[in-house]
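In what follows, a structure is listed as structure tokens, so that the remarks can point back to it.
Just so it is clear, none of the values below were taken in a lab; they were calculated from the coordinates. Everything quoted here is computed from the prediction, not taken from an experiment. Because the Cβ atoms are built from the backbone with ideal geometry, glycine has one as well, and the counts that use them run over all protein chains shown.
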């Protein structure tokens with residue numbers, strides 16, 4: 001959902017029009033963050049585990065070419081058909097061609113943020129193929145014709161009453177019924193039909209093991225298995241950074257993923273897909289879509305370590321109070337804000353600024369990505385590349401000229417404080433975003449430096 | 001021990017009392033303190049906005065003013081972190097490096113360098129400590145809630161030395177207040193909401209005073225408190241540690 005007209009600040013402002021809802025959103029995600037904390041404290045050597053995961057991923061990124069070739073060889077040996085896509089358009093084209101070859105009209109898809117990133121659904125729908133998202137949260141936002149607002153909890157922005165209404169409209173559940181258990185059962189019945197009818201299944205990939213050519217998909221609902229086992233064609237779509245060298249490394253990542261994501265010890269299903277079932281086709285689409293470019297940016301390379309747990313979103317005080325849609329990109333929150341500018345620097349020039357640089361994201365990250373430092377670095381790149389607004393450029397230049405000259409600073413400070421005292425209306429008006437909901441500090445008569453000069457003089461005279 | 005006192009620009013202009021308390025506290029603890037006249041700003045407002053390339057004037061001034069001190073101390077974790085991470089001066093890189101290694105935020109200077117174990121301070125109030133992020137996660141002034149580690153808090157340790165002071169606990173020990181430099185105006189709605197929530201946590205636990213190591217965060221919280229006429233106030237930690245018996 002690229003938005004060319006609206007930036008994070010504007011969308012966040014809108015989100016904040018309903019304060020009780022912001023409180024609810026914030027508290028819900030904070031609850032997930034606390035669950036994550038409890039899990040982290042219950043694992044001995046948690047910080048070492050993060051370090052190990054980070055090191056493995058660093059090794060992978062340094063040897064990505066070799067591991068990808070190894071993975072491909074193993075996967076082919078296992079009977080899979082491997083495709084390489086340079087970008088989103090090529091990915092969508094490959095998937096469409098596979099589906100068309102098999103005359104697929106209706107297919108199921110388990111959660112894949114990559115297909116969101118590539119905008120696969122609209123592409124397939126435009127070509128006459130119905131896509132049913134089978135992750136419950138994703139199905140809900142699909143019925144609501146919205147993108148997911150969170151990579152792990154796609155409909156975290158929706159209240160159960162709203163889901164009840166959606167189900168009433170689309171699945172025929174009784175009006176006014178918002179009982180989560182009832183709605184989940186209704187969704188299960190509905191999805192079961194879809195699983196049975198689907199001609200093809202798309203899944204994402206959490207980890208692809210170079211050593212064996214197998215892929216691991218983590219779900220809580222078993223929907224990846226239901227789709228992949230029932231359909232004639234299984235297409236697994238993955239970013240090229242999902243590789244891990246060996247099966248044994250799953251012991252590190254599976255311990256971190258669900259604990260970081262939702263505060264569960266592990267996802268209900270960690271499904272391994274290695275070879276097609278008899279009579280089935282297994283396709284693997286390996287997608288670059290800017291990842292090689294990001295790999296080449298030394299300052300931002302580490303962002304490719306991400307295992308899509310969403311912990312940085314749950315902890316982010318800005319995400320919790322602005323909602324996932326305010327980031328207008330498939331992957332929201334802090335990690336999205338360092339990934340998106342690589343995809344389109346102009347469209348996402350606002351995102352690295354949608355942060356206070358508090359650093360909480362980097363601390364919860366299970367693969368220790370220096371997220372807040374990358375946000376800072378993206379700000380420099382975005383300004384250097386010319387994507388700062390002209391107003392901002394001007395105010396920064398003015399600020400610089402004042403702060404680079406002690407004499408100008410002294411005069412400006414004196415003037416500023418005097419103006420505030422004499423004509424408070426000059427600053428305290430609606431044009432000043434500080435003043436909209438905050439008072440200005442009361443201007444003192446003398447600055448510290450003026451006080452110090454006088455005090456020191458008195459001291460010497462005394 | 002010769003200490004160079006760095007008073008960040010917004011403290012100089014709007015909160016001189018914090019500079020005065022810092023100076024008096026350091027002198028009380030036996031430091032020889034000098035405030036180099038002509039200092040302006042660490043350059044962080046530009047750098048955090050993506051204009052780090054415009055900070056060479058500030059960097060050069062900073063080296064002019066603070067080269068040669070045993071220590072440089074400032075009542076701001078955020079500005080200190082910026083200097084530590086980003087102060088460079090191509091022509092005088094050795095001096096810049098020296099400053100980066102010798103600059104301290106006030107409370108860590110008290111606990112780590114002066115190794116203060118008692119203070120002649122009294123402040124009979126319920127106080128909440130807002131752990132500002134740059135001091136907290138950048139300078140490691142306290143254990144961070146995200147990390148599995150032994151608990152500690154340098155500013156907390158100092159506040160415990162103040163007679164009569166009751167340090168309240170908060171639901172969220174180190175949640176950001178939403179100031180964030182230019183974020184506070186560029187993302188006004190979220191910034192204010194974060195501040196409102198931070199204050200609410202203190203009000204819920206009956207704090208009379210919110211203190212912290214950064215005036216910038218406190219200024220933002222004070223702006224909201226004053227607009228809403230809430231029954232608490234903000235004070236920098238230097239003002240509390242310098243309160244006389």
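With the highest mean first, a sort of the peptides B:180-192, A:8-20 on other beta-carbon atoms found within 10 angstrom per residue produces B:180-192, A:8-20. Working from Cα positions, state the angle (0 to 90°, nearest 10) between the long axis of helix A:390-403 and the longest principal axis of chain A. Roughly 40 degrees between the two axes.
Counts of other chain beta carbons within 10 angstrom of each beta carbon in peptide A:315-327 average 4. Entry note, chain B: the mean residue ellipticity at 222 nm calculated from DSSP H runs of n ≥ 4, each adding -39500 (n - 2.57), is -11500 deg cm²/dmol after division by the residues and rounding to the nearest 500. With a ≥ b ≥ c the root eigenvalues of the C-alpha gyration tensor of segment A:1-157, is it rounded (a/c under 1.5), prolate (a/b larger than b/c) or oblate? Here segment A:1-157 falls in the oblate category.
Among beta bridges from DSSP that stay inside chain A, the antiparallel ones total about 25%.
Relative contact order for chain A: what is it in percent, counting Cα pairs under 8 Å that are at least 6 residues apart?
After rounding, I find 21 percent.
Take every Cα pair under 8 Å whose residues are at least 6 apart in sequence, average their separation, divide by the length of segment B:170-211, and the relative contact order is 41 percent. Here, the protein assembly as shown has an Rg and a Dmax of 27.7, 99 Å when only alpha carbons are counted. May I ask for the angle, rounded to the nearest 10°, between helix A:406-422 and the longest principal axis of chain A, with both axes built from Cα atoms and the value confined to 0 to 90°? Compared with the principal axis, the helix lies near 90 degrees. Per-residue Cβ neighbour counts within 10 Å put B:162, A:69 in the sequence A:69, B:162, beginning with the fewest. Sequence-distant contacts, meaning Cα pairs under 8 Å at least 6 residues apart, place the relative contact order of segment A:142-206 at 20 percent.
When each of A:237, A:306 is scored by the number of other beta-carbon atoms lying within 10 Å, the sequence from fewest to most is A:306, A:237. Rounded to the nearest 10 degrees, the angle from helix A:46-62 to the longest Cα principal axis of chain A is 70 degrees.
When only alpha carbons are used to place a centre, segment A:194-237 and segment A:403-462 end up 64 Å from one another.
Cα centroids of segment A:44-63 and segment A:317-350: 25 Å apart.
Ordering of A:381-389, B:100-108 by packing is B:100-108, A:381-389, highest average first (other Cβ atoms within 10 Å, averaged per residue). Among B:81, B:54, B:23, the residue with the largest mean-square fluctuation in a Gaussian network model of chain B, with springs joining Cα atoms closer than 10 Å, is B:54.
So what's the back-of-envelope 222 nm ellipticity for chain A, counting only DSSP H runs of four-plus at -39500 (n - 2.57) apiece and dividing by all residues, rounded to 500? Working shown, then result.
Values: 22 runs with 242 residues, N = 462.
Per the formula, -16000 deg cm²/dmol.
Per residue of A:445-454, other chain Cβ atoms within 10 Å of the residue Cβ number 6 on average. For the segment B:161-174, counting C-beta atoms of other chains within 10 Å of every residue's C-beta and taking the mean gives 1. Going by neighbour counts of Cβ atoms within 10 Å, the residues A:31, A:84, A:434 line up, fewest first, as A:31, A:84, A:434.
Protection proxy ranking of A:194-200, A:267-273, A:212-218, by the mean of other Cβ atoms within 10 Å over each peptide's residues and highest first, is A:212-218, A:194-200, A:267-273.
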